[in-house]
1. Let me spell it out: the conditions are (1) modelled with pLDDT of 90 or more; (2) more than 20 Å from the chain's Cα centre (by Cα), and Pro38 meets all of them except one. Which number is the exception?
2. Being surrounded by 14 or more Cβ atoms within 10 Å (Cβ to Cβ), closer than 24 Å to Cys97 by Cα, out of contact with any Leu (no Cβ under 8 Å at 6 or more places or on another chain) and modelled with pLDDT under 90: is that true of Leu43 here?
3. Quick test of your reading of the structure: Ala4 fulfils all but one of (1) of a type in the set (Gly, Ala, Ser); (2) modelled with pLDDT of 90 or more; (3) at negative phi. Name the failing condition by number.
4. I'm checking my understanding of the structure. Among residues of the stretch 48-77 that are surrounded by 15 or more Cβ atoms within 10 Å (Cβ to Cβ) and small (Gly, Ala, Ser), which one is farthest from Pro38 (Cα to Cα)?
5. Return the residues of the stretch 78-97 that are surrounded by 13 or more Cβ atoms within 10 Å (Cβ to Cβ) and under 13 Å from the mean Cα position of the chain (by Cα); say none if nothing qualifies.
Amino acid sequence: MLAANTRWDLVPHRIYRKPNRQTQQTRTVQHSVIWEKPHDGWLKINVDARLFEHQGTTITACCVRNSNGEFQGAQTRKYTSNMSILEGEGMALFRCCEVSYPKRTLKS
């Protein structure tokens, strides 16, 4: 088990660029993401998926942390099919749950 030395209740911002159609300039939009811990003694599974439509692939990932924010495990998979993001996140959750975790909180 790896112990995290970082405070896990605050996670770095996600940043993406969105074109401004009127001036053709790029503007930055920031969203704060705050990790919420599960109940004591429980695990939290976060999942994500990314579709690469032109390549015909979908990448899924999951990360498992305990109520102290300590890393418990992770998994990534590559599928040679175009899934929707919802399907990909569902597949990531399904594959992650193949590992036996007795208590868990699911989060997408």
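1. Pro38 satisfies all of (1) modelled with pLDDT of 90 or more; (2) more than 20 Å from the chain's Cα centre (by Cα) except (2).
2. When the stated conditions are applied, Leu43 passes them.
3. All conditions pass for Ala4, except number (2).
4. Ala49
5. Taking the stretch 78-97 and keeping what is surrounded by 13 or more Cβ atoms within 10 Å (Cβ to Cβ), we get 79, 82-83, 85, 87-93, 95-97.
Ile85, Gly88, Glu89, Gly90, Met91, Ala92, Leu93, Cys96 - these are the residues of the stretch 78-97 that are surrounded by 13 or more Cβ atoms within 10 Å (Cβ to Cβ) and under 13 Å from the mean Cα position of the chain (by Cα).
The values are calculated or read from the model by the stated rules, or taken from the named source; none is laboratory data. Worth saying up front: this structure is predicted, and the values here are computed from it rather than measured. Note that we place each Cβ from the backbone using ideal geometry, even for glycine, and neighbour counts take in every protein chain shown.
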